[in-house]
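Enquirer: Provided herewith is a single structure, encoded as structure tokens, for subsequent inquiry.
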Amino acid sequence: MSDQYGRPDPADERPGPYQGAFGSSGQQPPFGGQPGPGPGPYGGAFGQNPYSSVPGPGVVPPKQVKVAAAISLALGVLCVLLGLFMLTSAGSEIAKTLTGDPSAKGVVVAAVLISSSLYLLPAFFLRQRRRWARTLLIVVAVLGIAGGITALPASLLGVALHATLLYLMFQEPTKRWFQGPR
């Protein structure tokens, strides 16, 4: 078979009962379903669920998303480790260093729990193309930069990491990744 311009249909060259590895969109699928736009009988390589927000098999996020997720995961793990250190005998010293009050362990633990969740949630959901995770990471990066500027020069590494996160979230491949189908 060929199209209106005389070009051969690539699905004709593939094996399978529907002229494709998983059926072509030109054939009627079994059980009276409607053919989809992709190579599978219901669209997509394996007939992806249109209600799924997780990218299908073989859909790989751009390297900017992978690096941002790794940085966010690392910062979240560091926050969790700080929270675990707060449970040791060094907790009062850590609280004194961070707040000036050695009895403020509860405040520091609460801040560590909140900040670790603000890093870990985007780390896990960025690769699943969740737009809210990108937005949350942008907000966290802006807050990290603002907070780091107030503590310069000691927080130079923190400012650099948050600026990198912000830069990665505004790169063109990242924007296209999150504008793609969900």
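Here's the yes/no breakdown for (1) without any contact (Cβ under 8 Å) to a residue 24 or more places away in the chain; (2) closer than 20 Å to residue 70 by Cβ:
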| position | (1), (2) |
| --- | --- |
| 125 | yes, yes |
| 130 | no, yes |
| 136 | yes, yes |
| 140 | no, yes |
| 145 | yes, yes |
| 151 | yes, no |
| 156 | yes, no |
| 162 | yes, yes |
| 165 | no, yes |
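Enquirer: Could you list, in sequence order, all residues of the range 146-182 that are outside any helix (DSSP H, G or I), touching a helix residue (DSSP H, G or I) at 6+ places or on another chain (Cβ under 9 Å) and open to solvent by less than 60 Å² (accessible area, probe 1.4 Å)?
Expert: Listed by number, the residues that qualify are 151, 155, 171.
Enquirer: How many of the residues in the range 129-145 are in contact with a Phe, Trp or Tyr (Cβ under 9 Å, 6 or more places away or on another chain), of a type outside the set (A, V, I, L, M, F, W, C) and buried (at least 20 other Cβ atoms within 10 Å of the Cβ)?
Expert: Qualifying residue count for the region: 2.
Enquirer: Tell me which of these residue 66 doesn't satisfy, since it passes every other one: (1) open to solvent by less than 40 Å² (accessible area, probe 1.4 Å); (2) in contact (Cβ under 8 Å) with a residue 60 or more places away in the chain.
Expert: For residue 66, the failing item is (1).
Enquirer: Could you tell me whether residue 111 is assigned to a helix (DSSP H, G or I), at negative phi and modelled with pLDDT of 95 or more?
Expert: So residue 111 does not fit the description; no.
Enquirer: Of these, 136, 156, 113, which one is farther than 12 Å from residue 75 by Cβ and touching a Pro at 6+ places or on another chain (Cβ under 8 Å)?
Expert: 136
The values are calculated or read from the model by the stated rules, or taken from the named source; none is laboratory data. Values in this document were obtained by computation on a predicted structure and should not be read as measured data. Cβ sites come from the backbone with ideal geometry, for glycine too, and all protein chains shown count toward neighbours. Heavy atoms of the whole protein, side chains included, go into the accessibility calculation; ligands, DNA and RNA do not. Shrake-Rupley method; radii C 1.70, N 1.55, O 1.52, S 1.80 Å.
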